Each structure stands twice: as C-alpha cells, then as structure tokens.
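Pasting a structure below so you can have a look.
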C-alpha cells in the first residue's frame, strides 16, 4: 500500500533538487513535491498538507530558515530536515530556534544518509498520528462516559419526573391517612448514593437538608434495609436530632419503611408523631412502601428507556449524516437493537416488574375507599406512562 507521507523538497540548485528527488522517488514510496524557491514552497503549503520539509539553507529571496518560519504558520506540525554545507558548530542557529529536527551536511551526504534521516522523521510522524488518533478515541470515550453519567444522573434524580412528583405526594398523603399519623415524608437516595433528601412531605414542610446514610432515622433505615418504629421516650437520644434542620428533628415518634427495589434501598417512607404505631400500621405501611418502591423503579425504567432511545436516535442520526451508506445502515441496525433492548425493560405489562406492581396495587386497594381511589389514579398514571413509552418506540427511519 502506497504511503500517504508527503514530503516537500526545496533547493535553488537544480542539480541538487533532481538528485534528492530521484533518491526519494526511487527508494521510497513517499509522495514528494520538489520546488526551487522559497516563495513557491510557502504558497504550496498554504494550499496543501505536507508532513516533512527538506530544505537547503541559503536561497534567493527568503533563506531556508525564514521560509521554514513562514511555513510553520500554516503547518505547525511539519517536521524539517536541513541540508547544509556548514557542519559542526556552523549549523544555522535560526533553524534550531525554529525547531528543525535534523541536519544533513553536504560534505557527508549520500543516499543512505538521506533515507535514514527521512525514515527517522517518518517514524516520528506515524507515532504522532497514532497518538493523535488515540487522543481522539480517548476524547470520544470520555465524552461517551460523560453522556452515560449524565443519563445515569438524570435517571437517579427521579423526583424530576412529572409522574413521580404527583405520585410521591399521593403516597405520602395515603400513608398519613391510613396510619392516622399527623405527618409523613418520603426521602429519596441522592445520585451519589451517600445521602437522602426529603422530596415530599405531608403535615410538615419538606427540607432539602441531606441525611447521610447511617445518620438520622432515615439514614439508618436505608443502611439496614429494615422497617423501624421508635418513640422519643423509648429511644433516649433521638436519632432524628442528629441532623439539624431535618424534618426528623424534634419529632415525638416515627415509623420508617425502607423503599427497596431490585434488592436496593432507593428511599425511605417515614411517618411522624403518632402516639403509638399499631401492628396494623406496620403491615399496611409495609405494603404501601413496597408499592411506592415499585413505582419509583418503574418510573426509573421508563426514564432509562426514554434516555436510551433519545441517545440511540442522536448517535444513529449523526452517524448516518456523517457517513452515508454502510455506516448509515450500521446506525439503523444499532438503533433497532437499542429499541428492542428497551422493549425488554418490562414496560408493557408482560414481565415480572409489571406483574409485581399489579399485585401490590391490588393489595393496597384493599385498605379502604381512600386507598382504592388512590390506586385507581396511580394505575391510570402508570397506564398513561406505558402508552407514552410504547409510542416512543415506532420504527424510526434514518
């Protein structure tokens, strides 16, 4: 395969120019362009890319060093071999200041000497190209990682989803209603996985103060993954007071239910200030907590699916626009594969997640008329979300 290395050869002595050009053309497969004056060389470099400049020092008009300085303005990465009649300490200082890469002395000149010098520079050029390609790949990889992290963070910030914002408040209201507790709050795990924040509350103002995992009652329940009921009189040191400003601070009692989905605690449902939590409260709130966690998980999956589809569409469209033909076909296949993957996230009522949530809705609806009404609204909201999700997955043409 012919090399794509392009060499610009400059010498005002015609016999030298013919000799150098002949050596390169006969003994290498590099592209070489020979000119006999600096003005033409500079003009040529304004129009074309060259990898290597081989030049004489003294020429009419601009000398080789002045020409090299001008060429570097257009081709800053070009490498330079200087052919000079001044060996040793007499080598042109200006070339060194400009960054010339090698010197060939006419008194010691021969074809093999020139070929070795050129091959040395070509190796460096190829290494630089490989480095640049790796850096470009690394930049794309880093951008991809950033996109993935942004997607993950947008998914974990579940409280931004419209369906969830309404559902969370309804869950808190229903929890307070069926337990007859004066106040309720729902804490969600932050994207960093290190703290919880009360995203909604009933009977008390939600507070953005983070509760670290393992601190406060919510943080301890999230860490242990176990339902816990406490009263201030029984607890001695009240865990809620550990976090100043938290909605847990100053409470008389609390019942905290971990919200567990896919074997991971993603939040805590907490009831406050009821004089005594009965076994019935624990049973009902455990079921409600399971339904709340499943709903969070379902919205999480829906957001993930939406993000995957949007990302796939963006990447596929860019690929098709940049490289039509085979690349476009590959992009369509990638998008089709992404859409099929999304369909397997179990958003259409055919798998375990939907089956489980349907059973949990049925159980919670048995808690009375208010719970049944809540479950009807929740089910309608989820069905609407399913419908929107299905509408987002038609065959997309690129």
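Can you tell me how many residues within region 49-101 are farther than 21 Å from residue 24 by Cβ, under 40 Å from the mean Cα position of the chain (by Cα) and at pLDDT 85 or above? Step through it out loud before you land on a result.
To start, the set of residues in region 49-101 that are farther than 21 Å from residue 24 by Cβ comprises 58, 60-63, 65-66, 69-70, 72-74, 76, 86-94, 96-99.
Then drop every residue that is not under 40 Å from the mean Cα position of the chain (by Cα), which leaves 72-74, 76, 99.
Applying the additional criterion that residues be at pLDDT 85 or above yields 72-74, 76.
Number of matching residues: 4.
Condition check ((1) part of a loop (DSSP other than H, G, I, E, B); (2) farther than 23 Å from residue 129 by Cβ; (3) free of Cβ contacts under 8 Å to residues at least 12 places away in the same chain) across all residues:
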{"residue": "32", "(1), (2), (3)": "no, no, no"}
{"residue": "39", "(1), (2), (3)": "no, yes, no"}
{"residue": "67", "(1), (2), (3)": "no, yes, no"}
{"residue": "97", "(1), (2), (3)": "no, yes, yes"}
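If residue 220 satisfies all but one of (1) modelled with pLDDT of 90 or more; (2) closer than 17 Å to residue 282 by Cα, what's the number of the condition it fails?
Tallying (1) modelled with pLDDT of 90 or more; (2) closer than 17 Å to residue 282 by Cα, residue 220 fails exactly one: (2).
Select, from 213, 243, 266, 178, the only residue that is assigned by TED's automatic domain parsing to the domain that holds residue 366, at pLDDT 90 or above and surrounded by fewer than 24 Cβ atoms within 10 Å (Cβ to Cβ). It would help to see each step written out before you state the result.
On the way: 243 fails: at pLDDT 90 or above; 266 fails: at pLDDT 90 or above; 178 fails: at pLDDT 90 or above.
Answer to the selection: 213.
Quick check: anything in region 10-28 modelled with pLDDT of 90 or more, within 14 Å of residue 118 (Cα to Cα) and not in a helix (DSSP H, G or I)?
Checking region 10-28: not a single residue is modelled with pLDDT of 90 or more, within 14 Å of residue 118 (Cα to Cα) and not in a helix (DSSP H, G or I).
Looking for something over 48 Å from the mean Cα position of the chain (by Cα), assigned by TED's automatic domain parsing to the domain that holds residue 122, under 22 Å from residue 125 (Cβ atoms) and at pLDDT 90 or above - is there at least one such residue anywhere in region 35-43? Before you say what the answer is, go through the steps one by one.
Kept after step one, since they are over 48 Å from the mean Cα position of the chain (by Cα), are these residues of region 35-43: 35-39.
Going one step further and asking which of them are assigned by TED's automatic domain parsing to the domain that holds residue 122, we end up with 35-39.
Cutting the leftovers down to under 22 Å from residue 125 (Cβ atoms) gives us 35.
Right, trim to at pLDDT 90 or above and you get 35.
Scanning region 35-43 turns up at least one residue that is over 48 Å from the mean Cα position of the chain (by Cα), assigned by TED's automatic domain parsing to the domain that holds residue 122, under 22 Å from residue 125 (Cβ atoms) and at pLDDT 90 or above.
Which one of these does residue 284 not meet: (1) modelled with pLDDT of 85 or more; (2) buried (at least 19 other Cβ atoms within 10 Å of the Cβ); (3) within 39 Å of the chain's Cα centre (by Cα); (4) closer than 20 Å to residue 361 by Cβ?
With (1) modelled with pLDDT of 85 or more; (2) buried (at least 19 other Cβ atoms within 10 Å of the Cβ); (3) within 39 Å of the chain's Cα centre (by Cα); (4) closer than 20 Å to residue 361 by Cβ applied to residue 284, the lone miss is (3).
Any idea which of 261, 256 is under 22 Å from residue 296 (Cα atoms) and buried (at least 22 other Cβ atoms within 10 Å of the Cβ)? First the steps, then the outcome.
Details: 261 fails: buried (at least 22 other Cβ atoms within 10 Å of the Cβ).
After ruling out the rest, the residue left standing is 256.
Given (1) modelled with pLDDT under 90; (2) surrounded by fewer than 21 Cβ atoms within 10 Å (Cβ to Cβ); (3) out of contact with any helix residue (DSSP H, G or I) (no Cβ under 6 Å at 6 or more places or on another chain), identify the lone condition not met by residue 191.
(3)
The values are calculated or read from the model by the stated rules, or taken from the named source; none is laboratory data. Model, not experiment: these values are computed from the prediction. No Cβ is skipped: glycine too gets one built from the backbone with ideal geometry, and neighbour counts run over all protein chains shown.
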